[in-house]
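Report on the following structure.
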Amino acid sequence: MTKLSTRIWVIIVAFLAITVVFMYVLTNFLYEGLYVKDAENSMVEIGEKLSTMYDGGKVTDDFINKIDHYNSYSNVNVFAVRNPRELSACVPFDIDYDTLIGPDEREQLLKGKTITKKGYEKRFDRQVISAIIPLTDHNRLEGIIYIYFPLAKITEMASKEVLILLGSAVIFIFLIGIGVFKGIKHIMKPLKDLQNAAEKMAVGDYETRVEVNSKNEIGQLAQTFNKMATSIQQEDEEQKLFLATVSHELRTPISYVKGYGEALEHGYIEESQRQETLALIVREANRLEKLTNELLQLSRAVNQTDTVTLYPLPLAETMREVVHITEQQVNQKAITLRTDIDEEIIINADEEKVQQILINLLENALRYSEEKTEIIMSAKREGNLAILTIQDHGIGIPEEDMPHIAERFYRVNKARSRSDGGSGLGLSIVDQLVKYHKGTWHITSELGIGTIVTIQIPLIEEL
């Protein structure tokens, strides 16, 4: 019994059976508590009313005849006798006098108290309830009024209907069991479909989807599964594309290094070209190193967790450090780098990562700016945010490329080579690192005029 549906079915059917048993027990309880008690009270009431006809002294034949006359049309059996031992001649079953009226019962009768008894009688094959009402005079027991009534069994009370009742109960449980089984099977079908789909996904079939037929919890679970499957499929496709692109990007510099290296090794390069060939190998090796480092940075940025500690960082100092790092590249293109920095800005950040953000953006601005133009890097406060902007006067970004600029290996200018156009990973790294600092960023650009990158990072909370 490992299936959930089987367990649910067994539980429901068990509860139904318990309910039927409970109703049977309750019926017996009500029988004892209501029917039997009511019969007992009625007999005592009848006996006490009949005893009011007794005037004291000896019990006369006239009194006994009156009781017999009442017995002829009563629904209970009533007898009046002078001596309790005479009951054996009146009732149609054996009476053990000593059991019927023992010393304790006799004491109660002498005190004028009524006695009620219930016991099984073979003659009737059922329980018989009886009441003994004393006829006393001057503390003498002159006689008794004996009333008895065979209690009907519950089965007799229902007569043949009890068989119908029991049969109906069995059929009811059977039909309910079938209905519950079919209902559970219907309810569990979407879960079974989810299980099958999950097993397919486990072996790499990420195109698996489940049909959503309802809006209840199971339907919502199916929708969530489909969203998860779509996300996993997209992630898988992106990963495959990423690996293919990485392989392609690494293959080119490796091929250059390997090819020219073997040519040098075997003496295929003339002496006059050896220096140029070595320079090309070094350039490709440097490009390979840079690409590898950027892939490592991107991997670290993507897998970054909140457990890394952020600390108060004076932004102006970090930005000046970045200006110093990129100074040589700026001078090589005769570009003017102007800064406008609020010295009071302090953010919660990781200095190395903030430097990486600014360096990547500055390198992009330098790469796509013409010589003797200007780049402006600024930082100011707006509310509880630090606003960093880097503005260049370069070639700009076409509108159709704007949605893809943060994608890995995406290049705006397809005509440029990797050596002069970058790896296409810089903005992907920026995107991940800005998210790491719980910030946002966006780019505005116009072809032929330039690009402005704006970053918003929360300021440190003042105590």
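Read-outs throughout are calculated quantities, based only on the coordinates presented, and are distinct from any laboratory measurement. Remember, it's a predicted structure, so these values are computed and weren't measured experimentally. In this analysis, Cβ positions are derived from the backbone assuming ideal geometry, glycine residues included, and neighbour counts consider all displayed protein chains.
Some notes on this structure:
- Environment charge of ALA198, counting only residues whose C-beta is closer than 11 Å and scoring Lys/Arg +1, Asp/Glu -1: -1
- Using the Karplus relation 6.51 cos²θ - 1.76 cosθ + 1.60 with θ = phi - 60°, the per-residue 3J(HN,Hα) values for the stretch 138-143 come to 6, 6, 10, 8, 7, x Hz, with x marking Gly and Pro.
- At an R0 of 25 angstrom, the distance between the Cβ atoms of LYS290 and GLU352 translates into a FRET efficiency of 0.90.
- Calculated FRET value between LYS380 and LYS240, using beta carbons and R₀ = 60 Å, to 0.05: 0.90
- At R0 = 35 Å, FRET efficiency that the Cβ-Cβ distance of ALA202 and LEU280 yields, to 0.05: 0.15
- Placing pseudo-labels 7 Å out from each Cα toward the beta carbon at THR52 and ILE460 gives an inter-label distance of 10.3 nm.
- Stretched out straight at 0.36 nm per residue, the stretch from HIS266 to LEU447 would grow longer than its current Cα-Cα span by 60.3 nm.
- With each label modelled as a point 7 angstrom along the Cα→C-beta vector, the LEU175-HIS138 pair spans 7.3 nm.
- The gain in end-to-end length when the THR440 to SER74 segment is fully stretched comes to 121.9 nm, 0.36 nm per residue minus the alpha carbon separation.
- Hz values of 3J(HN,Hα) by residue in the stretch 396-402 - Karplus curve (6.51, -1.76, 1.60), Gly and Pro given as x: x, 10, x, 4, 5, 8, 4
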